[in-house]
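J.: Quick one: the structure is below, and I'll ask about it shortly.
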Amino acid sequence: MRYVKWTFLAIIALLLFSFFHYTLPQRDIARVVGTENRRIDFGENSFFWASPDVGNAVDKNRDVFFIQTFRSNGKPMVYRNEDTGWGWPPYFKLDGSNLQTEAQNMISSADNPRWVAITHYGWRNEFMSIFPNAISMRPVEGPDVKVFPWFNVIFFIVLAGVLLLLWRMWAQFRERTIDPTLESIGDTFDEVDARADGLWARFKAWLASWTGKSGR
């Protein structure tokens, strides 16, 4: 049972880590080398694409903006540029067209690079054709710039505070309500058991009295 318990907890931890890693914002330092508008037919990986842009009809295929970059480590990275609207994740992104224009304006060459910090969420998986979704970008001084993840740090601090508050509320509720109720139920069972023992003892005594009479 111990292995089952730890396996279950490990699976829960892995699912939570994957959820937060996919959903929370990340930042890459990159150089924009191109943009395009591509027609996408959605299939089994449709879960990893955003809903249609606000005002557009729902369909099995649609045009999607893409931003092509080279990251500061020299590796290529392609981002999709989709509006999230009022859906999940709650970035409320409605300016995908403006972001595409900014990306086109930031295109540079390797000889004269212009570096930008691209905020995005999601993963890049070449096998499943999954692309991270760019949320915003801003110019930075160079490829070695470090951007501290303030939002993620504050988010986890607030989340820890909320979980601690909920745990304290549950502990107080259990101490004031559940534990006394369980103790009362236990006392009731003890009383019933004691009465049953007393009745059984009386019944045995009554049988013994009749046995004694019949022996005479």
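Residue by residue, here is whether (1) of a type in the set (Gly, Ala, Ser); (2) out of contact with any Ser or Thr (no Cβ under 8 Å at 6 or more places or on another chain); (3) in a strand (DSSP E or B); (4) under 11 Å from Ala30 (Cα atoms) holds:
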| position | (1), (2), (3), (4) |
| --- | --- |
| Lys93 | no, no, no, no |
| Gln104 | no, no, no, no |
| Ser108 | yes, yes, no, yes |
| Ala117 | yes, yes, yes, yes |
| Met128 | no, yes, no, no |
| Met137 | no, no, yes, yes |
| Glu141 | no, yes, no, no |
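J.: Filter region 96-146 for residues that are without any contact (Cβ under 8 Å) to a residue 60 or more places away in the chain and acidic (Asp, Glu); which is least open to solvent (accessible area, probe 1.4 Å)?
T.: Only one residue fits best here, namely Glu102.
J.: A further question on this structure: Going through Val64, Val32, Val54 one at a time, which residue ends up being crowded, with 17+ Cβ neighbours inside 10 Å and at pLDDT below 95?
T.: Just one listed residue meets the conditions, Val64.
J.: Restricting the first residue to region 156-172 and requiring it to be part of a helix (DSSP H, G or I), which pairs with a second residue that is basic (Lys, Arg) and surrounded by fewer than 10 Cβ atoms within 10 Å (Cβ to Cβ) meet a Cβ separation below 8 Å and a spacing of at least six or different chains?
T.: Cβ pairs passing all conditions: none.
J.: So, in region 76-107, how many residues would count as being at pLDDT 95 or above and either of a type outside the set (Val, Ile, Thr) or closer than 21 Å to Ser129 by Cα (or both)?
T.: Qualifying residue count, region 76-107: 14.
J.: I've got another one for you. Can you say whether Val153 is open to solvent by less than 60 Å² (accessible area, probe 1.4 Å) and touching a residue at least 60 places away in the same chain (Cβ under 8 Å), as far as the supplied structure shows? Write out each step before concluding.
T.: Values: open to solvent by less than 60 Å² (accessible area, probe 1.4 Å): yes; touching a residue at least 60 places away in the same chain (Cβ under 8 Å): no.
When the stated conditions are applied, Val153 does not pass them.
J.: Being surrounded by 19 or more Cβ atoms within 10 Å (Cβ to Cβ) and either within 21 Å of Ile29 (Cα to Cα) or over 26 Å from the mean Cα position of the chain (by Cα) (or both) is the filter here; which residues of region 78-90 pass it?
T.: Selection gives Tyr79, Arg80, Asn81, Glu82.
The values are calculated or read from the model by the stated rules, or taken from the named source; none is laboratory data. On a predicted model such as this, the values are computed, not experimentally measured, just so you know. Note that each Cβ is placed from the backbone with ideal geometry, even for glycine, and that neighbours are counted across all protein chains shown. Ligands, DNA and RNA are excluded from the accessible area calculation, which covers all protein heavy atoms including side chains. Shrake-Rupley method; radii C 1.70, N 1.55, O 1.52, S 1.80 Å.
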